[in-house]
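Accompanying notes for the structure given below.
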Amino acid sequence: MYRRGFLKGLLWFLSTCVFSRNGVKNVIAGTNPDAPVSTNANGKSTIEGYDPTKHRYAMGIDVDKCIGCNRCVEACTVENDVPPEPFFTRTWVERYVIKKDKSVHVENIANGSDGPKEMVEEADILRSFFVPKLCNQCENPPCVQVCPVGATFSTEDGVVLIDSERCIGCGYCIQACPYGARYLHPKTRTADKCTFCYHRIVKGMLPACVEVCPTGARLFGDLKNRASRLVRFERMNKIHVLKPHLNTHPKVYYADLDGEVR
Amino acid sequence: MFERIPEQIRRLAIVFVIVIGGTLVLRYLILPPSLIETRLHQESTIEREVAKQVKFAGAVVCGGCHEDIATVKGKGFHKSLSCESCHGPAAMHTEDPMTVKPFAPRQRKFCPLCHAYDASRPTGFPQINLTIHNPLKPCITCHNPHHPEPPTVPKECSACHAQIARTKAVSHHALVSCTTCHKTPRQHRVSPRRVKPTKPDTREFCGKCHREGSKRKDAPKIDLSTHGERYLCWECHYPHMPGAA
């Protein structure tokens, strides 16, 4: 009678599943049924009064204005619950020192929260400056191409997001990103990166790093809006992107970028 | 007719029907659509992303209540600085202003995050040497952070170009002011690297004082047509220390 019992049980299980689909959905998606349901089955627009097709977000960075104060990194950590350990960052600031013998020293000043440290004798410096870095929100993102489960994707308004419930934490995207913008979140064990503070920009606010930047070295705007500060910034400056030869079409624009910056 | 199909084929067919049927039931009835359809799972991601808590309220909101401070700040050097750059995330404070108070930095260690001297910082950004600039005194005893103005205004060009000023001060050009040779746009003080002062670019410019027959009595005179021929003056003479050439 083993087989009959099994088949009976199977029938019962399947029919129960169909009737209580909500519960099973949560089991399969791995979420707690008491938690707010995150899936949207009716397919309506997710944010009221917001049309993502009318926007195309991008960031501008005025390298000459960056003073390396790290306010942006700290604001990002608070706003996005980035782990406090210094090597997990969604955005970071690099100090470039080009010495008189033409050797280039790059240091991530976000490492160690005591502020910038001197490491090169000042008399040896030919030129030196800070370069803020973050996810470039590429038009042609390598991270999206390599994701084996389709957990990372570009939204209609041009931001690359990660579905943390789909991500299996394999780390392919972290390897694929030419800008080193991704990291594996130590708690969720999924990939994480800058989202341009998506929860803020859809409400018309600035990303946290842009909000707190004291010198206006970071600008944020909408490429589809001719009145946005970013469009003016693009018009008035010589614009560079990082690693243009990789054909990723980044949407973080650098003004007056030094040739040594990689 | 059904009886003519061999027993083992019939049994196999039943297994096939169960497997195929089971797959179809699983695909269309049990699995939630958000797990199957790309558009839906992307939408659920966007929804989750949008639902995140905003922690920085934005400077516009602050000005709504703290109008007095916003007006004072709007006139000073810190006018483009967002309130939350110093006071930290304040969205909770906007929801419950009485109980949640934002952070107010009063110690000496905070201002140097931006204003301590650092060789990589852009020239012209106000920076101090922490060890000699009024040691141990909190910055706010002399400077109002909402309207920072140095108690003594630094001397024009030498505030940033101190090295050149020191050299020039002991040279023959000590009494020549910087603006005699360099036209300095006002914007240069705001964005020193973007808007640059002019530099003389012709021999005739130096010649205004140094050619034979010029009205400057105290300047050494040369014959512009024979002296140095096709070289520009500053290729041999450093203008900030002309004697050293």
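Data overview
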| item | result |
| --- | --- |
| Counted residues, region B:81-110 - those being at the interface with chain A (Cβ under 10 Å from one of its Cβ atoms), part of a loop (DSSP other than H, G, I, E, B) and among the hydrophobic types (A, V, I, L, M, F, W, C) | 1 |
| Enumeration of residues in region B:111-124 that are assigned to a loop (DSSP other than H, G, I, E, B) and closer than 30 Å to B:GLY64 by Cα | B:CYS111 |
| The one condition in (1) over 16 Å from the mean Cα position of the chain (by Cα); (2) crowded, with 16+ Cβ neighbours inside 10 Å; (3) assigned to a loop (DSSP other than H, G, I, E, B) that A:GLU107 fails to fulfil | (3) |
| Enumeration of residues in region A:47-97 that are in contact with a His (Cβ under 8 Å, 6 or more places away or on another chain) and either farther than 16 Å from B:SER120 by Cα or surrounded by fewer than 21 Cβ atoms within 10 Å (Cβ to Cβ) (or both) | A:PRO83, A:PHE88, A:TYR96 |
| Hits in region A:103-118 - residues which are of a type in the set (Lys, Arg) and modelled with pLDDT of 90 or more | none |
| Residues of region A:195-239 that turn out to be farther than 15 Å from A:CYS76 by Cα, among the small types (Gly, Ala, Ser), touching a residue at least 12 places away in the same chain (Cβ under 8 Å) and within 12 Å of chain B (Cβ to nearest Cβ), as a count | 2 |
| Residue in region A:119-133 that is more than 10 Å from every other protein chain (Cβ to nearest Cβ), touching a helix residue (DSSP H, G or I) at 6+ places or on another chain (Cβ under 9 Å), modelled with pLDDT under 95 and in a loop (DSSP other than H, G, I, E, B) present | no |
| Those helices (runs of 4 or more DSSP H) lying entirely in region B:125-222 with at least 2 residues small (Gly, Ala, Ser) and closer than 16 Å to B:MET241 by Cβ | B:162-169 |
| From B:GLY63, B:GLY21, residue being surrounded by 13 or more Cβ atoms within 10 Å (Cβ to Cβ) and out of contact with any Asp or Glu (no Cβ under 6 Å at 6 or more places or on another chain) | B:GLY63 |
| Residues (over 17 Å from A:TYR57 (Cβ atoms) and either surrounded by 17 or more Cβ atoms within 10 Å (Cβ to Cβ) or under 15 Å from the mean Cα position of the chain (by Cα) (or both)) located in region A:153-170 | A:ASP163, A:SER164, A:GLU165, A:ARG166, A:CYS167 |
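The values are calculated or read from the model by the stated rules, or taken from the named source; none is laboratory data. Predicted, not measured: the structure shown is a model, and the values here were computed from it. Cβ: placed from backbone, ideal geometry, glycine included. Neighbour counts: every protein chain shown.
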